[in-house]
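Any read-out appearing in this document is the output of simple, stated calculations on the displayed coordinates, not a laboratory observation. As the structure is a prediction and not an experimental result, all values here were calculated from the model. Virtual Cβ from ideal backbone geometry, glycine too; neighbours counted across all protein chains shown.
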Amino acid sequence: MSSGKLDGKVAIVTGAASGIGRAVAVLFAKEGAAVLLADLNDCNETLSLIQAAGGTAQAVKVDTTSEDACRAMVASAVKAFGRVDTGVFAAGIRLDPIPMLELKMDTFRRMIDINMIGVLHSAQALARQLVQQGEGGTIVNIASTAGKIPIPGSGPYCMAKAGVIMMTKVMALELAETGVRVNALAPGFTSTPMWDFEKGTEEDKWAMSLTPMNRTGTAEEQAQACLFLASSDSSYTTGQTLYSAGGQFVD
């Protein structure tokens, strides 16, 4: 592959089996990074896409709700590639709408464990390695516009993503002097397996009513936003949430 914005870098991408995570992994490899693909599901298709294009990647199965598994994930990247420079933490799930008065605590805990605590475990493990290396680095946590706007029926998801946004801000301030930059990407409605089942539904129509550009984004567009946050293009940016959402928020 030709040299790119991540030439010589090593990246970890969770949620790499599909959706935004896969698009990020493929793009980062294209931009010159060696990529550790991490997912609870099989990453063979993502791995094949990268290798077919001449990129470098390895895949590991990781349950990000386990702190030990996330530490092992980072250790795997260091063992495979000698170091690590950046991470994009995209592992997450959505569930069918559940009104707050019908919400069961096991469902709530599952959403928080995967969508917030899993990101925290991943970011902590990578940050420790980056600080130890002493050469800075970047962390991109995948949040959502749902972390800013309340969505009826999606309380646990909204709460988890709001937590990711605040976690990103706190980590960024705590790590600023180390040269480790921490930012979040908050995608709007994006065409991925997590969203595509909504096409043509009332929720889809509602989503488009909130989106001035009147279309869903693509996983590849979100990957480009991640590339900006992970690369030196954003070298003076930390603690920020980038809303890649078709104009949903014009602050």
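Things worth noting here:
- Filtered residues of region 139-153 (kept if outside any helix (DSSP H, G or I) and surrounded by fewer than 23 Cβ atoms within 10 Å (Cβ to Cβ)): 148, 149, 150, 151, 152, 153
- Close pairs from region 203-215: first closer than 15 Å to residue 149 by Cα, partner of a type in the set (Phe, Trp, Tyr) and crowded, with 16+ Cβ neighbours inside 10 Å, Cβ under 9 Å, at least 6 apart: 207/189; 207/195; 208/189; 210/189; 211/189
- Residue within region 114-129 that is closer than 22 Å to residue 230 by Cβ and exposed (fewer than 15 other Cβ atoms within 10 Å of the Cβ) present: yes
- The helices (runs of 4 or more DSSP H) found wholly in region 26-138 and carrying at least 2 residues that are within 25 Å of residue 166 (Cα to Cα) and over 15 Å from the mean Cα position of the chain (by Cα) occupy 67-81, 105-112, 118-133.
- Contacts under 7 angstrom Cβ, first residue in region 113-136 being under 13 Å from residue 65 (Cβ atoms), partner surrounded by fewer than 24 Cβ atoms within 10 Å (Cβ to Cβ) and among the acidic types (Asp, Glu), 6 or more apart: 121/67
- Residue match in region 205-220 (condition: surrounded by 20 or more Cβ atoms within 10 Å (Cβ to Cβ), part of a strand (DSSP E or B) and of a type in the set (Gly, Ala, Ser)): yes
- In region 44-58, the residues that are of a type in the set (S, T, N, Q) and either surrounded by fewer than 17 Cβ atoms within 10 Å (Cβ to Cβ) or farther than 18 Å from residue 80 by Cα (or both): 44, 48, 51, 56
- Criterion: touching a helix residue (DSSP H, G or I) at 6+ places or on another chain (Cβ under 7 Å) and not charged (D, E, K, R) - qualifying residue of 238, 211, 168, 218: 238
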